[in-house]
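Structure first, commentary second.
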Amino acid sequence: MDALIDQTGRALAAGDPLGALKRVALRDDPAALALRGIAMA
C-alpha cells in the first residue's frame, strides 16, 4: 500500500477529514478517489 494512502486513512480514522483531503487532493488513482469521497461525506 502506498504510504500516502496509509497516512490518509489514519487521518480519517483520527477524525481529520481536511488533513486527509490535503494528502489526496491532486491524486486521481482509485484509492485516492475513494478516500476523497469518504472525507467529503
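All of the numbers you see were taken from the coordinates with simple rules; none came from a lab. Here the structure is a predicted model, which means the values were calculated and not measured.
For the pair ALA13 and MET40 in one chain, pulling the backbone fully straight at 0.36 nm per residue adds 8.4 nm over the alpha carbon distance. Per residue, the average separation of C-alpha pairs within less than 8 Å and at least 6 apart gives the chain a relative contact order of 38 percent. Coordinate range of the alpha-carbon atoms in the chain per principal axis, descending: 23, 19, 13 Å. Here the extension length gained between ASP2 and ASP28 equals 8.0 nm, from 0.36 nm per residue of separation less the Cα-Cα distance.
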